[in-house]
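See below for the structure under consideration.
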Amino acid sequence: MRHQGFLLKPLLGMPDKDRTIKDFGKQWLRYPDNEGYYGSLELFSNIISPFLRTDDIKDCRVAEIGSGTGRIVNMLLDSGVQHIVAVEPSDSFAVLVRNIQNSGKVTCLNITGDRLPAYGNLDYIFSIGVLHHITDPKPVVEAAFKALRPGGHFWVWLYGKEGNESYLALIKPLRILTRKLPHLVLASLVWLIYHPLNLYIRLCHRFPLPLREYLFSIFAKMSPEKRKLIIYDQLNPAYAKYYTKKEAIKLLEDGGFVNVRIHHRHGYSWTVIGTKPDPSNEPKRN
Ligand SMILES: C[S@@+](CC[C@H](N)C(=O)[O-])C[C@H]1O[C@@H](n2cnc3c(N)ncnc32)[C@H](O)[C@@H]1O
């Protein structure tokens with residue numbers, strides 16, 4: 001048992017929901033910066049398309065659930081939002097507060113998403129790469145519903161199942177081990193994967209290999225450090241669910257959202273947006 005901290009994370013036995021938050025806390029304390037394309041408005045425009053443009057959220061009141069190091073918070077600020085509520089439950093809360101560029105426009109809350117206050121006046125809530133790491137996301141979706149104004153929108157990005165079949169055949173068995181590895185061992189494994197992956201990207205130029213679209217449009221634009229972080233981020237979290245299209249739509253519809261629209265982003269993930277019903281817009285019955 002004394003060697004558990006070296007060979008395996010000393011968190012085994014903890015429920016997945018708590019472990020995920022602990023894992024992310026440590027991850028962001030180790031990788032706190034948002035440099036280059038990884039933290040850019042160019043990437044944000046790509047993430048929120050095709051349903052939104054940065055102009056659409058100008059002067060809006062927004063929240064982000066699961067803010068990590070604050071990279072999306074800063075992208076939202078660069079897009080000109082009026083005010084942001086940034087929710088981050090992990091120990092990386094300190095990193096989030098430190099990284100925020102305009103703290104006068106941001107309220108940071110060190111809570112889980114299900115405890116987001118029911119403001120009832122937000123125009124948009126974003127949750128990017130978060131709900132697929134939560135074992136029971138329903139209370140988070142319900143909290144988002146209550147925090148939005150009628151007619152407000154919940155915008156979610158999730159890992160997808162469709163389009164990821166070959167990747168999942170590889171990553172799922174690998175993650176059984178890697179999610180238990182302590183930082184130094186995992187970081188060494190990432191280093192070992194990094195070079196063959198760069199070779200794979202070169203092969204994608206010649207052959208239509210799996211994940212080609214994502215690797216070209218996003219991954220290849222990242223710095224070497226951020227490429228390594230993305231690999232680490234795939235292997236580290238205790239819990240990760242890959243959503244089917246049907247499950248992704250149901251997640252928002254079950255929370256009361258209407259007009260749920262979905263986009264298969266770069267062939268490997270889901271962008272989902274739903275609207276909180278606005279009774280004042282419903283046609284009146286005679
Ligand atoms: C992959 S990171 C995404 C961070 C950020 N949205 C981004 O794209 O840079 C997922 C984040 O969700 C947070 N998280 C995990 N469980 C959560 C929960 N129940 N409520 C809110 N956030 C949670 C983690 O601590 C982590 O910072």
Original post:
Is it true that some residue in region 58-67 is under 22 Å from Ala220 (Cβ atoms) and of a type in the set (Val, Ile, Thr)?
Top reply: no
Subject >> Inter-residue pairs, beta-carbon under 6 Å, first within 11 Å of Asn74 (Cβ to Cβ) and in region 97-111, second part of a strand (DSSP E or B) and within 13 Å of the ligand (Cβ to nearest atom), 6+ apart >> reply: Val106/Ile84; Val106/Ala86
Original post:
Taking Lys161 and the conditions (1) under 27 Å from Glu253 (Cβ atoms); (2) near the ligand (Cβ under 10 Å from one of its atoms); (3) basic (Lys, Arg), which numbered condition does it fall short on, given that it satisfies the others?
Top reply: (2)
**OP:** May I ask you to verify whether Leu158 is in contact (Cβ under 8 Å) with a residue 12 or more places away in the chain, within 30 Å of Gly256 (Cβ to Cβ), in contact with a helix residue (DSSP H, G or I) (Cβ under 8 Å, 6 or more places away or on another chain) and crowded, with 16+ Cβ neighbours inside 10 Å?
**Re:** yes
**OP:** Pull up region 184-224, narrow it to residues that are of a type in the set (Gly, Ala, Ser) and exposed (fewer than 13 other Cβ atoms within 10 Å of the Cβ), then point me to the one that is nearest to the chain's Cα centre (by Cα).
**Re:** Ser223
**OP:** Give region 34-69 a look and list any residue that's within 9 Å of the ligand (Cβ to nearest atom), closer than 22 Å to Ala118 by Cα and in contact with an Asp or Glu (Cβ under 8 Å, 6 or more places away or on another chain), or say none.
**Re:** Gly66, Ser67, Gly68
**OP:** Residues being in a helix (DSSP H, G or I) and either modelled with pLDDT of 95 or more or within 18 Å of Glu165 (Cα to Cα) (or both): count how many of those fall in region 204-214.
**Re:** 4
**OP:** Scan region 133-147 for residues that are in contact (Cβ under 8 Å) with a residue 40 or more places away in the chain and more than 10 Å from the ligand (Cβ to nearest atom) and report the count.
**Re:** 6
Original post:
Condition test on Ile262, is it under 17 Å from the mean Cα position of the chain (by Cα), farther than 30 Å from Arg149 by Cα and either among the β-branched types (Val, Ile, Thr) or at pLDDT 95 or above (or both)?
Top reply: no
**OP:** Taking Leu181 as meeting all but one of (1) more than 16 Å from the ligand (Cβ to nearest atom); (2) part of a helix (DSSP H, G or I); (3) surrounded by 15 or more Cβ atoms within 10 Å (Cβ to Cβ), write down the number of the exception.
**Re:** (2)
Subject >> Condition check for Ser269: surrounded by fewer than 20 Cβ atoms within 10 Å (Cβ to Cβ) and hydroxyl-bearing (Ser, Thr, Tyr) >> reply: no
Original post:
Which of the residues spanning region 92-132 are within 9 Å of the ligand (Cβ to nearest atom) and among the acidic types (Asp, Glu)?
Top reply: Asp114
Subject >> Matching option when the condition is more than 16 Å from the ligand (Cβ to nearest atom) and either at pLDDT 95 or above or in contact with a Lys or Arg (Cβ under 6 Å, 6 or more places away or on another chain) (or both), among Lys246, Lys241 >> reply: Lys246
Subject >> Search result, residues across region 225-249 that are surrounded by 14 or more Cβ atoms within 10 Å (Cβ to Cβ) and of a type in the set (D, E, K, R) >> reply: Lys226, Arg227, Lys228, Asp233, Lys241, Lys245, Glu247
**OP:** Tell me which residues, restricted to region 112-165, are at pLDDT 95 or above and among the small types (Gly, Ala, Ser).
**Re:** Gly113, Ala118, Gly120, Ser127, Gly129, Ala143, Ala144, Ala147, Gly151, Gly152, Gly160
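The values are calculated or read from the model by the stated rules, or taken from the named source; none is laboratory data. The structure presented is a predicted model; accordingly, all values stated were derived computationally and were not measured. Note: ideal-geometry Cβ built from the backbone for every residue, glycine included; neighbour counts use all protein chains shown.
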